[in-house]
1. Determine whether Arg170 is within 12 Å of the chain's Cα centre (by Cα) and modelled with pLDDT under 85.
2. Give segment 14-50 a look and list any residue that's of a type outside the set (Ser, Thr, Tyr), open to solvent by less than 70 Å² (accessible area, probe 1.4 Å) and without any contact (Cβ under 8 Å) to a residue 12 or more places away in the chain, or say none.
3. Would you check if Trp96 is modelled with pLDDT under 85, out of contact with any Cys (no Cβ under 9 Å at 6 or more places or on another chain) and among the aromatic types (Phe, Trp, Tyr)?
4. Take the conditions at pLDDT 70 or above, open to solvent by less than 40 Å² (accessible area, probe 1.4 Å) and aliphatic (A, V, I, L, M) and apply them to Leu218. Does it pass?
5. Anything in segment 182-191 that is open to solvent by 70 Å² or more (accessible area, probe 1.4 Å) and more than 13 Å from Leu213 (Cα to Cα)? List them, or say none.
6. Confirm whether Ala150 is at pLDDT 75 or above, assigned to a helix (DSSP H, G or I) and open to solvent by less than 30 Å² (accessible area, probe 1.4 Å).
7. From the list Leu67, Leu76, Leu72, which residue is closer than 20 Å to Val37 by Cβ, in a helix (DSSP H, G or I) and more than 18 Å from the chain's Cα centre (by Cα)?
8. Output the qualifying pairs, or none if there are none: Cβ atoms under 6 angstrom, residues six or more apart or on different chains, first residue in segment 188-200 and assigned to a loop (DSSP other than H, G, I, E, B), second residue at pLDDT 85 or above and open to solvent by 50 Å² or more (accessible area, probe 1.4 Å).
Amino acid sequence: MSQTDTESRQDGLRLRARLRYLYHGSQPPAVRFRLTVIVIDLAIIAFFLAAPILKNMGWAFYALDYLIATVLALDLAARAYAYADIKDWLKRPIVWVDLFVLATLLFPAWLFNLGFLRMLRLWTLLNSDFFWRTIGARFDDTRVEGIARALANLITFVFVATGFVYATFRGHDGISGYVDALYFTVATLTTTGFGDVTLPGPWGRLLSIAVMLVGITLFLRLAQALIKPHKVRYPCERCGLQTHDQDAVHCKACGNLLCIPDEGS
């Protein structure tokens with residue numbers, strides 16, 4: 001192996017080590033880097049939310065679209081390179097969701113009708129270890145995390161369903177704009193059903209049924225996260241049960257004596 005090849009390999013190893021430090025480290029510079037990435041992620045999600053309206057900007061919209069695609073591609077490439085095993089990284093469903101979001105950005109003229117799925121980026125962000133190790137480290141495995149995840153699921157579903165209604169039924173029975181699609185989705189999801197905006201045909205009715213059923217389920221999950229007593233993560237040494245009540249003295253599964261530390265300790 002030549003000296004040039006050796007130096008190139010060493011530079012690659014240093015770059016990987018640096019990326020691992022930034023994406024997985026706990027020191028202040030690494031945390032600040034991840035906070036910056038999360039802020040950029042939230043700005044990208046805001047763009048996805050406003051995309052149906054911003055599309056009227058013409059070439060400026062596509063320029064912004066490709067700029068965001070570049071940022072997202074660089075972030076995904078950096079995360080993949082920092083991961084110990086790229087094949088294992090590609091097995092994660094969240095990664096494939098992000099790759100699909102990237103595809104809708106790279107080919108907006110062909111995949112814009114699927115652009116509503118870009119809001120899944122909110123779900124991948126708030127369900128990632130990356131987010132909770134950075135912003136939510138003190139709330140990890142707490143009631144706050146459960147509520148945040150349940151709320152993220154509900155909000156993501158609302159805007160994905162709204163985008164689908166807007167892309168599929170625009171121009172039918174009162175769906176003339178994005179706000180009309182959002183109004184229909186929320187009215188259907190809450191089973192209020194005012195009836196002034198409806199979807200035509202059997203497929204419209206089936207979609208309305210799906211929105212009602214999934215929406216009620218997500219509302220119940222959010223209610224459970226808000227009301228249900230919080231359980232702490234403390235694996236039982238005997239049977240391996242992962243979660244227990246905060247004041248538990250014995251494991252409910254095997255009766256083993258537990259010593260769960262206080263949250264403040």
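The values are calculated or read from the model by the stated rules, or taken from the named source; none is laboratory data. Since this is a predicted model, take the numbers as computed values, not measurements. Note that each Cβ is placed from the backbone with ideal geometry, even for glycine, and that neighbours are counted across all protein chains shown. Just the protein is used for accessible areas: all its heavy atoms, side chains included, with ligands, DNA and RNA removed. Shrake-Rupley method; radii C 1.70, N 1.55, O 1.52, S 1.80 Å.
1. So Arg170 fails the test.
2. Once the filter is applied, which keeps residues that are of a type outside the set (Ser, Thr, Tyr), open to solvent by less than 70 Å² (accessible area, probe 1.4 Å) and without any contact (Cβ under 8 Å) to a residue 12 or more places away in the chain, segment 14-50 yields Ala17, Gly25, Pro29, Ala30, Phe33, Ala43, Ala46, Ala50.
3. Spelling it out, it is not the case that Trp96 is modelled with pLDDT under 85, out of contact with any Cys (no Cβ under 9 Å at 6 or more places or on another chain) and among the aromatic types (Phe, Trp, Tyr).
4. Taking the combined requirement at face value, the residue satisfies it.
5. Answer for segment 182-191, where residues must be open to solvent by 70 Å² or more (accessible area, probe 1.4 Å) and more than 13 Å from Leu213 (Cα to Cα): just Tyr183.
6. Taking the combined requirement at face value, the residue satisfies it.
7. Residue meeting the stated conditions: Leu67.
8. Listed pairs, sorted by first residue: Thr191/Met212.
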